[in-house]
Structure formats: C-alpha cells, structure tokens
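Below: one structure, written as structure tokens.
The values are calculated or read from the model by the stated rules, or taken from the named source; none is laboratory data. If you're wondering where the values come from, they're calculated on a predicted model, not measured in any experiment. Glycine also receives a Cβ, built like all others from the backbone with ideal geometry; neighbour counts cover every protein chain displayed.
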There are 2 protein chains.
Amino acid sequence: MTTVPVSMTDVRELVDGALRAAVGRLDPHTYRVAAYHLGWADAEGRPRKEPAGKALRPALALLSARAAGAPPESALPGAVAVELTHAFSLLHDDIMDGDRTRRHRPAAWAVYGEPAAILAGDALLALAGEVLLEAPGQGSARAARALAVATRHLIAGQSLDLSFETRHKITLEECQSMAAGKTAALLACSCSIGAVLDGAPEGLAAALEGFGADLGVAFQLTDDLLGIWGDPAATGKPALSDLRSRKMSLPVVAALNSGTPASAALAELYARPEPPGEDELAEAARLVDLAGGRAWARAEAARRVESAGEHLAGAGVPTPVRTEFLRVADFVTHRDH
Amino acid sequence: MTTVPVSMTDVRELVDGALRAAVGRLDPHTYRVAAYHLGWADAEGRPRKEPAGKALRPALALLSARAAGAPPESALPGAVAVELTHAFSLLHDDIMDGDRTRRHRPAAWAVYGEPAAILAGDALLALAGEVLLEAPGQGSARAARALAVATRHLIAGQSLDLSFETRHKITLEECQSMAAGKTAALLACSCSIGAVLDGAPEGLAAALEGFGADLGVAFQLTDDLLGIWGDPAATGKPALSDLRSRKMSLPVVAALNSGTPASAALAELYARPEPPGEDELAEAARLVDLAGGRAWARAEAARRVESAGEHLAGAGVPTPVRTEFLRVADFVTHRDH
C-alpha cells in the first residue's frame, strides 16, 4: 500500500478542530446528518473514532499557503471551506446517483431520508462561503469568489455526468470535460486557495490552479482505473464496480471510442438491457483493456502528472513545497484506494 | 386585489437583465432547469412571457440601497443574489415537501427529475455568492457573509419545519422560530443588503435587518392565513390547502396551544390517520378560528408590522424611503395571494 505523504497525515489534526467548530454552528437536525456524513458520529449520533476520507483537499490548501511563503495555518479557513464543499458534493451526489453506500457505511440519505440529506448538503455549501469570508485579510473575498466559481464548474461536471446516463455516444473530449468539472475544479481551487487567501499575485495563483487542474484529472483517471481493476479489499467497493453500474468512466469511454473490434463488442455489452452477470463483467474489463482503454488511462494520468509539475516550474514556489506537491501527485496516482 | 406598491413594479425591469446574465453562466442542462423554475421558459425551453413571482426580495434590496443614500442600481448584485437564494430554496423545498405544483405549473423536479432539480438548486445557491462577490467596493464581502449567515438560518428553519412532520406537540415559540428562519432570515438580509453593499454603518444595517425580520414573520403569518382562508382564484392553491396537507402553520399551532375545547377537537382531527374529507376540512378551519388561531395570527401580523416600523424610526432612513418600506409592509400583510 502506498504511504500517504507526510503533509497529508498532519492535516487532519490541524483542520479537524476548525472543521468541527464550523459544522457546530448548524442547527441540531442538520448537524446530526452532517456529523454522520463526515464520519464523526454513527446513525444514533454517538461519536466515532475512525476518521473519514483522505483529507486530500485540506492538505493541498495548507500546502498552497506555503507556496506563497505564508504559514500553513493561515490557510485553515480555505482548508475547511474546500472540505465542506467536497462533503456537500458527495452528500448530494449519493442522492442523485442513488448510491446507498459511502465509505463502507450507509449513505446519509439512506439513514436520514432524502429531504434531510438535501438540506444538510445545502448547509455545508453555504457554510463553506461563510467560513471563508470570516478569514482575516483582503484575500478572503477573492478566495470565496474562486470557490464559488469552482463550485459552478463542479456542478457543470456533475450535470454533464447525469446527462451521460441517457445518452449512447459520448466522446472522450466530453468525458474529459466532465472530469475537469466534477473532480478537477475543486482540486484546482484547493491547490491555490491558501495562496489566494495570502494575497498572492495572479501568476502564482494561476500556476497553482493549473497544477491542481491537471492533478484533478489524473486523480479521476486513477479513480476510474481502481473502479475497474481495484482490489475490493482496499477500495471497499465490489470488484469491477464501475462496470457493474455501467459507468461511462474515462477508460471505458476511451475504449468505446478506439474504433477497434473490442470497442464494438464492449458497446454491445454496455447496451444490453439486463444487468450484467459476473462473466459479462469480466469480459467487459477484458474488452476495455484490449481496446486500449486501460493503457490510455495510465499514460494519460502520467502525462497529467507531468503537466501538473510543469505548471509549478518557474512559478516561484519554494523547492520543498514543490517537492511536497509532487509527492501528493505521486500518491494520488499510485494509491490503491 | 391589493395594488403592488410602485417600487415593486419597477423592480423586475431593473433586476431581470442582471438575473438573466447571472443564470446564463450555468451549463446548458442546469440552465434549462433554472430558466424553467424562474418562469422564463416552458418545459421544452421555449421562452415564456408571464413573469414569475412577486420580486419582493429584489425590491427590498434596491430600497435598502436608497436607505443608505445610495442609488438603487448600486444594490443590483444584492437584488440578484437574494432572488437566486430564494429561487434555490423554493426549488429544493418542492423536492423535500414532495410538492408537484409551483405557481400553477408542475414543479421543476416533477418535470426534470430530482437529480437535475437538486443540482440546479445547488447551482443557484453558489451563483448567489459568486454574483455578490463581483460587486465593486469593500461592501461586497460583508454582504456575501451576511447572505451566507441568512442562508444558514433559512436552512435551520426548513430543518425545524421538516422535524414538525414527525412530531405531535409543537409550541408556538418553536413555530415562530421556524418562521423566523425559513421566511424572515432572507427577507431581513434583503432589507439590508443594499445598505451593506454601500458600506453603511452597522447601526443602520441592523435597523434594516430588524425591519426585515419582523416583516418576514408578518409575511409568513399572512401566508398562513391565505393558506386556510385565501381565495383559490387568487392564491392558485386549492381551498383550505394548508389544512389539507395538515401543515403546522402559525394559526394552527396557535389554535392547538390555546387550551380551549376547540383546540382539543382540532388536535383530534389533525391526528386522524386517513386523509381529511371536505367536511373535516371545513370543520378544521372553523376550529382554528374558534380556538382563536385566526384572530391571533391577524393581530400578531399587525404587531409585527408595527414593530418593523419602529426599527426604522430614528435609524436615519430618509422619509420617502421609510414610507416605501412601510408601503411594502402594508402590501405584504394585505395581499390576497
């Protein structure tokens, strides 16, 4: 199993208190749903020890303050805001996608019902803006604006993803554009928000955003590879889970657009009305591989990581910080869950 | 029918262009749902002429700029932001409450499905912050923060309202607190946002907020009275609609807590498992009246309007602006729809 880079293990501790203080402002009903979703409490509201999630976005936010020469703590409101926005999007995504399981537990909507889960997501989104605008200094309004724009792009990506469900032909370009919105927009914002809060020049902020945008697509490519070939024991999802739900993920769309005999066979499999059996799932995975979808996704993830690194070159990011950013990129693309 | 005060008929024209420009930033799928919900388009995306809603919140936002001695146009980003927030809350409320009809048309979720409607609501909420933070001047961050806090209170009110559905005993205080959140928080923000954008002193902003908070509860009391005794031809809802859905509205909760024989009879009617028949509905309305719920709601609305006016006295609001605010309060409590 890949080791989490140091900057990421420190983060939970730094961010946790601020995140809990922010969520603690919510009314008791909404708080209960949010605390469950964030992994702090079980369905009855009893505290849980196990931390939830990778805290990737807060880690990047703190690192981005250091990129501008500011102390990581100065980015705490940014770290909290991106994590709240991420939590909001997962909460609502689970409802929209009808996913009943999140991180080995029942999804919040499956426990508390859709109305309470919709409302809790709304509350987390509004809270993200509130927390960010309380940050001292003139950078907070600029950061809040950047987060609002990133949220708009995130929603556009999710909206495109929803539209895929009712369409037959999806181009690789559309699928990459979906990932750029749904996954990369918030990661790009996370990679720059600490610097923006510190009042960094536009050039540095843009370089950090560019890094995060590429990192985000690499992240999604890795997710999509794990969604087909990941080890169920590590991912916590059933084997071949993305094929099971006939997800139009990047390797699948690349395979479908490859113009090979395998792509035609895959299209035929995906178009069948009845739910796929185990034999069909194994066959679909083989066809994605045969049509070049797996190799393309791996190579594209590597290209994106390289391109991400190029954004940082010459942007004036201190070398140790740049090294940490690259370490996170390496972690993101080599993780097993 | 009560005449809409002049300041409100002018508003649509001023605000409409800015509102359309903001919503025009959304991706095409989300735009389609938002444009339908806002009354600009039919389900197929064809333009509609008929304007939707009363534009009450934008009218108050523009007026609040004038309260600070600023031109009404300076509050346009505020007017757009509060209308977007209002639109977001209605979109999500209809899903949560399972209401299939909104302003004589199918609700957005009933046309486009829940996922698309959840997403469009999210987009409108994020857009509200984005638009506000683009306003020139230092007041924009303060205004965006006030709107985020108001949204948190709005959500707390809706959350309390949801909790009422599964409870037997609700106090009048809880019900007033629900209305203070769900309805009054955004109206209070609307009444002050233009002044806040202009950098008005805290005292003036607080007075305008206080006016709006009282106005908001008066608005809800009037809504609740119309929900029982409103003319279906004017309200567009079936007669006795709030009793039909056994809503725990303010007059009903006041009646249930009156300790009169009528309140016990009303509680018995509300507790019946089967849907109420027409005779039962008429009887419930009679009992709310008999238990003093109707008289209380009318008197409380008048008290709130008076209290609202007191907030403006001595706050330094120019007399013509104060007169217009009071005219809006009068309209709100004497409307028939």
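Do we have any residue at all in segment A:66-85 that's surrounded by 24 or more Cβ atoms within 10 Å (Cβ to Cβ), touching a Pro at 6+ places or on another chain (Cβ under 6 Å) and either under 24 Å from A:PHE219 (Cα atoms) or in contact (Cβ under 8 Å) with a residue 24 or more places away in the chain (or both)? Within segment A:66-85, one or more residues are surrounded by 24 or more Cβ atoms within 10 Å (Cβ to Cβ), touching a Pro at 6+ places or on another chain (Cβ under 6 Å) and either under 24 Å from A:PHE219 (Cα atoms) or in contact (Cβ under 8 Å) with a residue 24 or more places away in the chain (or both). Applying the criterion of being out of contact with any Gly (no Cβ under 7 Å at 6 or more places or on another chain) and of a type in the set (A, V, I, L, M) to the residues of segment A:136-146, the residue that is nearest to A:LEU186 (Cα to Cα) is A:ALA146. Can you find a residue in segment A:22-37 that is within 21 Å of A:HIS337 (Cα to Cα) and modelled with pLDDT of 95 or more? Taking every residue of segment A:22-37 in turn, at least one turns out to be within 21 Å of A:HIS337 (Cα to Cα) and modelled with pLDDT of 95 or more. Residues that are modelled with pLDDT under 90 and crowded, with 19+ Cβ neighbours inside 10 Å within segment B:1-21 comprise B:PRO5, B:SER7, B:MET8, B:VAL11, listed in sequence order. Of the residues making up segment B:283-298, at least one is of a type outside the set (Phe, Trp, Tyr) and within 20 Å of the chain's Cα centre (by Cα).
Scanning segment B:103-129 for residues that are in contact (Cβ under 8 Å) with a residue 40 or more places away in the chain and at the interface with chain A (Cβ under 9 Å from one of its Cβ atoms) turns up B:ALA116, B:LEU119, B:ALA120, B:ALA123, B:LEU125, B:LEU127, B:ALA128, B:GLY129.
Scanning segment A:146-172 for residues that are polar (S, T, N, Q) and in a helix (DSSP H, G or I) turns up A:THR151, A:GLN158, A:SER159, A:SER163. Taking the condition outside any loop (DSSP other than H, G, I, E, B) and surrounded by 23 or more Cβ atoms within 10 Å (Cβ to Cβ), does B:LEU186 pass? When the stated conditions are applied, B:LEU186 passes them. Residue count for segment B:96-113 under the criterion of being within 22 Å of the chain's Cα centre (by Cα) and either in a helix (DSSP H, G or I) or surrounded by 18 or more Cβ atoms within 10 Å (Cβ to Cβ) (or both): the result is 8. Scanning segment A:146-179 for residues that are more than 12 Å from every other protein chain (Cβ to nearest Cβ), of a type in the set (A, V, I, L, M, F, W, C) and surrounded by fewer than 22 Cβ atoms within 10 Å (Cβ to Cβ) returns A:ILE170, A:LEU172. Selection of first residues in segment B:8-28 that are touching a residue at least 40 places away in the same chain (Cβ under 8 Å) and of second residues that are charged (D, E, K, R) and outside any helix (DSSP H, G or I), restricted to Cβ pairs under 9 Å at least 6 apart or on distinct chains, gives the following pairs, ordered by first then second residue: B:MET8/B:LYS54. State yes or no: is A:LEU172 modelled with pLDDT of 95 or more and within 19 Å of A:ALA267 (Cα to Cα)? It is true that A:LEU172 is modelled with pLDDT of 95 or more and within 19 Å of A:ALA267 (Cα to Cα).
For segment A:315-329, give me the residue count where each residue is farther than 13 Å from A:ALA67 by Cβ and surrounded by fewer than 14 Cβ atoms within 10 Å (Cβ to Cβ).
Within segment A:315-329, residues that are farther than 13 Å from A:ALA67 by Cβ and surrounded by fewer than 14 Cβ atoms within 10 Å (Cβ to Cβ) number 0.
A:ALA41: crowded, with 16+ Cβ neighbours inside 10 Å, more than 14 Å from chain B (Cβ to nearest Cβ), in contact with a helix residue (DSSP H, G or I) (Cβ under 6 Å, 6 or more places away or on another chain) and touching a residue at least 12 places away in the same chain (Cβ under 8 Å), yes or no?
no
Within segment A:239-279, being in a helix (DSSP H, G or I) and without any contact (Cβ under 8 Å) to a residue 12 or more places away in the chain holds for A:PRO261, A:ALA264, A:ALA267, A:GLU268, A:GLU278, A:ASP279.
Which one of these is closer than 28 Å to B:PRO106 by Cα, within 21 Å of the chain's Cα centre (by Cα) and surrounded by 23 or more Cβ atoms within 10 Å (Cβ to Cβ): B:LEU226, B:LEU250? The match here is B:LEU250. Test B:ALA87 against the criterion of being under 22 Å from B:THR101 (Cβ atoms), within 14 Å of chain A (Cβ to nearest Cβ) and outside any loop (DSSP other than H, G, I, E, B), and give yes or no. Answer is yes for this residue.
Mind checking whether some residue in segment A:271-293 is closer than 22 Å to A:LEU56 by Cβ and not small (Gly, Ala, Ser)? No, segment A:271-293 has no match at all. Taken over segment B:133-145, the criterion of being at the interface with chain A (Cβ under 9 Å from one of its Cβ atoms) and in a helix (DSSP H, G or I) is satisfied by B:LEU133, B:SER140, B:ALA141, B:ARG142, B:ALA144, B:ARG145.
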